[in-house]
Amino acid sequence: MFNKRIKVKELLALEPNNQEVTVMGWVRSFRNNQFIALNDGSTNNNIQIVAELGRFDEDILKRITTSASLKVSGVIVSSLGKGQKMDLKATSIEILGDSDAEKYPIQLRNRPTLEYLREVAHFRFRTNTFGAVFRVRHSLAFSVHKFFNDKGFVYMHTPIITASDAEGAGEMFRVTTLPFENPPKTEDGSINFKEDFFGRNTNLTVSGQLEGELAATAFGDIYTFGPTFRAENSNTARHLAEFWMIEPEMAFCDLEDNANLAEEFIKYIIKYAMDNNREDLEFLAQRLADEEKQLPQDKRSEMSLIEKLEFVLNNNFERLTYTEAIDILKESNHNKKKKFQYPVTGWGMDLQSEHERYLVEKHFKKPVILTNYPKEIKAFYMRQNDDGKTVAAMDILAPGIGEIVGGSQREERLDKLEQRMKEMNVPADQLWWYLDTRRFGTVPHAGFGLGFERMVQFVTGMNNIRDVIAFPRTPKSAEF
Ligand code: 4AD
Ligand code: MG
């Protein structure tokens, strides 16, 4: 009977009064042949188990080693020792699984680095840092659903395998069952995808947006929350080849409504984590502060992690246009002193992450919503503004992260959309179904995509995106 166990988090909330309980978990440490720190993943706090001297056989005690799994029954009493409120006085200890402490790959006393822990990601959940990160990640995911559900949005599962390139950026992983050697060829010598599994060329989705738009033009408000894939060869601390994205799409919605929703959404999920994961966030704040002690003073964060999150909750995001942002960057001392790696050449340039981070971290010191970008640097589906130069795009930039949200009002006018697709060589015949929504009851609509891992990074203060997803997929890396 395993369901008789009490989780350590619940146990630690009790007032100790000789209650009989059974706990199960993994050994964090065993001191003086007597004190076991047991963790079961429900919290970073361990339950201290006291195995009274003489009560247990030596061959059981020998097997209480780091990361061995145990079932322990006993009674809870007020702790005599400092540092914990209760002890579990063991009456029985059962070893569920042995662990050879010498061979166990994580030796906490050696202070393993985050880089090393990525190599043993199958066990890194058993550390305090990753315990906290993944419990916070869970809460954020849960709060995403809660936020949209409470607003009456319908959760859509958009396809993972598609035949279209939603972003038109060509960064797709192909999906095929054709043989590498001797694939079927057409008369002109190219590969004949008609013989492939789906009878056409298919890939993993880069975004669920286009299908999301189809649903929004029936349900009004929808959102997706699923994995997306990008074969961009970006080896940075902000890019994954497989990441999770949340994409709400709203009919009867313009760019301003869209920005309002995005800001409300981001604040809501941060607040949810603050209210439900306080202990883990405080642990992560301390971790970050310790890590930053190694940096020179001017490289350290001005605010603690908790202060930063509170600041974001309590202040409006700064809103400005791309054009205004370019002026700020051009006039900045940073630019005049040629401190940008990519010089600010002027209107029309794509912003590099150093420019985005300058705006949020140095200039405004808060999240920024940038709108109305040049149409040349944005996707085909964005609504064209009357100036003929810009589109109704918005990016949200966050301190320490850069771009966290990308979105736009969509082009709902058939003629304008078709003309833009032609200019950008987007195959209109393959997207006939997308264009149909503009033919039958088209409406102004808008939406955005939040990169979930970047959001988890922002809330947990983890520097590298590889440390907020369980098993990261990045260039040349797909272990586990
Ligand atoms: O700006 P992006 O490319 O926008 C879209 O995909 C739109 N279809 C969204 C929409 O309007 N429905 O991506 C959205 C967000 C980015 O702002 C970023 O946070 C995240 O997805 N993102 C990545 N996160 C991790 N690794 C990558 N390689 C990412 N690429 C984008
Ligand atoms: Mg973007």
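The values are calculated or read from the model by the stated rules, or taken from the named source; none is laboratory data. Predicted model only: the values in this text are computed from it and were never measured. Here the Cβ positions follow ideal geometry from the backbone for every residue, glycine too, while neighbour counts run over all protein chains shown. Areas reflect the complete protein model, heavy atoms only, side chains present, ligands, DNA and RNA absent. Shrake-Rupley method; radii C 1.70, N 1.55, O 1.52, S 1.80 Å.
Being of a type in the set (S, T, N, Q) and open to solvent by less than 10 Å² (accessible area, probe 1.4 Å) is the filter here; which residues of the range 391-429 pass it?
S408
If I filter the range 211-260 down to residues being assigned to a helix (DSSP H, G or I) and polar (S, T, N, Q), which single residue comes out as nearest to ligand 1 (Cβ to nearest atom)? Break it down into steps so the answer makes sense when it comes.
At the first step, the residues of the range 211-260 found to be assigned to a helix (DSSP H, G or I) are 211-219, 255-260.
Of the ones still in play, those that are also polar (S, T, N, Q) are 217, 258, 260.
Working: T217: 14, N258: 9, N260: 15 Å.
Restricting to residues being assigned to a helix (DSSP H, G or I) and polar (S, T, N, Q), the top hit is N258.
Give the range 362-403 a look and list any residue that's away from ligand 2 (no atom under 15 Å from the Cβ) and either closer than 19 Å to C253 by Cα or touching a His at 6+ places or on another chain (Cβ under 8 Å) (or both), or say none.
Scanning the range 362-403 gives K362, R383, Q384, N385, D386, T390.
Take D165 and decide whether it is farther than 24 Å from I465 by Cα, modelled with pLDDT under 95 and either among the hydroxyl-bearing types (S, T, Y) or open to solvent by less than 50 Å² (accessible area, probe 1.4 Å) (or both).
When the stated conditions are applied, D165 passes them.
Which residue is farthest from ligand 2 (Cβ to nearest atom), if the candidates are limited to the range 198-250 and must be surrounded by fewer than 19 Cβ atoms within 10 Å (Cβ to Cβ) and of a type in the set (S, T, Y)?
T236
Please give the number of the condition V144 fails out of (1) open to solvent by less than 20 Å² (accessible area, probe 1.4 Å); (2) out of contact with any Asp or Glu (no Cβ under 9 Å at 6 or more places or on another chain); (3) under 29 Å from Q457 (Cβ atoms); (4) part of a loop (DSSP other than H, G, I, E, B).
In the conditions (1) open to solvent by less than 20 Å² (accessible area, probe 1.4 Å); (2) out of contact with any Asp or Glu (no Cβ under 9 Å at 6 or more places or on another chain); (3) under 29 Å from Q457 (Cβ atoms); (4) part of a loop (DSSP other than H, G, I, E, B), V144 misses (4) alone.
Considering only strands (runs of 3 or more DSSP E) fully contained in the range 1-107, which possess at least 3 residues that are open to solvent by 40 Å² or more (accessible area, probe 1.4 Å) and either among the aliphatic types (A, V, I, L, M) or within 24 Å of A121 (Cα to Cα) (or both)?
It comes to 20-31.
Taking the options E302, E279, E291, E263, name whichever one is charged (D, E, K, R) and within 16 Å of ligand 1 (Cβ to nearest atom).
Only one candidate qualifies: E263.
Being in contact with a helix residue (DSSP H, G or I) (Cβ under 8 Å, 6 or more places away or on another chain) and either at pLDDT 95 or above or among the aromatic types (F, W, Y) (or both) narrows it down to one of I60, I64, I95, so name that one.
Only one candidate passes the filter, namely I95.
Cβ contacts < 6 Å: first residue closer than 30 Å to E302 by Cα and open to solvent by less than 30 Å² (accessible area, probe 1.4 Å), restricted to the range 366-388; second residue of a type outside the set (S, T, Y) and within 14 Å of ligand 2 (Cβ to nearest atom), any location; separation 6+ or different chain. Result?
Hits for this filter: P367/A398; V368/L397; I369/M394; I369/I396; L370/D395; T371/M394.
Name the residue, out of E310, E264, that is free of Cβ contacts under 8 Å to residues at least 40 places away in the same chain, closer than 30 Å to E213 by Cα and part of a helix (DSSP H, G or I).
It is E264.
Where residues in the range 404-415 are within 21 Å of T323 (Cβ to Cβ) and without any contact (Cβ under 8 Å) to a residue 60 or more places away in the chain, which of them is nearest to ligand 2 (Cβ to nearest atom)? Let's see the steps before the verdict.
At the first step, the residues of the range 404-415 found to be within 21 Å of T323 (Cβ to Cβ) are 405-409, 411.
The next check asks that each one be without any contact (Cβ under 8 Å) to a residue 60 or more places away in the chain; those that pass are 406, 411.
On the way: G406: 3, E411: 17 Å.
Checked the range 404-415; the qualifying residue nearest to ligand 2 (Cβ to nearest atom) is G406.
Just for helices (runs of 4 or more DSSP H) wholly inside the range 388-480: which have at least 3 residues that are β-branched (V, I, T) and touching a Leu at 6+ places or on another chain (Cβ under 7 Å)?
Numbers: elements: 414-423, 432-439, 452-460.
Passing ranges, in order: 452-460.
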